[in-house]
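The values are calculated or read from the model by the stated rules, or taken from the named source; none is laboratory data. All figures in this text were calculated on a predicted structure; none of them were measured in a lab. Virtual Cβ from ideal backbone geometry, glycine too; neighbours counted across all protein chains shown. Surface areas here come from the heavy atoms of the whole protein model, side chains and all, with no ligands, DNA or RNA. Shrake-Rupley method; radii C 1.70, N 1.55, O 1.52, S 1.80 Å.
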Amino acid sequence: MSKKIQEIQEEIVDEFAMFEDWMQRYEYMIELGKALPLIDEKYKIDENLIKGCQSKVWVHAELEDEKLIFTADSDAIITKGIVAILIRAFSNHHPSAIIEADTKFIDEIGLKEHLSPTRANGLVSMIKQLKMYAVAYQTQLN
C-alpha cells in the first residue's frame, strides 16, 4: 500500500529537522528542486503558471488510475525546491485525499517564516493551485 499524504509530510518534517540551520535547509531544498519530476515543455504555458508567485512556476496535473500526478518547474532554484516539497507530499494520491490534506507540515518545517513575504505568498498560491487541480479532477471522478 502506498504511503498516506500525512506519512510523507512527517518524513519531510523529519528530514528538515536533521539540519542545524537554514542555510543547510535551503541547500537541501535546492537539491530537492533538482530532483523534481519536470514538467513537459509543452505544459510550460501561461495557463499552468501559478498566479501570485514572484518567480515563474508551472504546474501540470494528470489523472492516472484515479491518482493525481503533478509535474512542475520554476525559473528560481528555491521556488523549485518549494514546489518539489509540495509535489512530493501531494502527487500520486487520490484527489479527495489531496483536498482533505492539511498543510501543517509547512509550518512544522518553519518554511513560511524563513521565506520572503512574496515567496510565502507564492507558497500559499502553489498549495491553492494543487488543491484546485484536485477539486477539478475529483469532479470528473464523481
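Per-structure values
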{"quantity": "Helices (runs of 4 or more DSSP H) within the stretch 40-112 that include 1 or more residues among the hydroxyl-bearing types (Ser, Thr, Tyr)", "calculated": "77-90, 95-100"}
{"quantity": "Per-region count, the stretch 110-132, residues open to solvent by 40 Å² or more (accessible area, probe 1.4 Å) and within 12 Å of the chain's Cα centre (by Cα)", "calculated": "4"}
{"quantity": "Any pair with Cβ under 7 angstrom, 6 or more apart, that starts in the stretch 12-30 at a residue that is in contact (Cβ under 8 Å) with a residue 60 or more places away in the chain and ends at one that is open to solvent by less than 70 Å² (accessible area, probe 1.4 Å) and not in a helix (DSSP H, G or I)", "calculated": "25/19"}
{"quantity": "Residue match in the stretch 19-37 (condition: open to solvent by less than 30 Å² (accessible area, probe 1.4 Å), in contact with a strand residue (DSSP E or B) (Cβ under 7 Å, 6 or more places away or on another chain) and modelled with pLDDT of 95 or more)", "calculated": "no"}
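Here is a yes/no grid of residues against (1) small (Gly, Ala, Ser); (2) surrounded by fewer than 22 Cβ atoms within 10 Å (Cβ to Cβ):
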position: 52; (1), (2): yes, yes
position: 68; (1), (2): no, no
position: 82; (1), (2): no, no
position: 92; (1), (2): no, yes
position: 108; (1), (2): no, yes
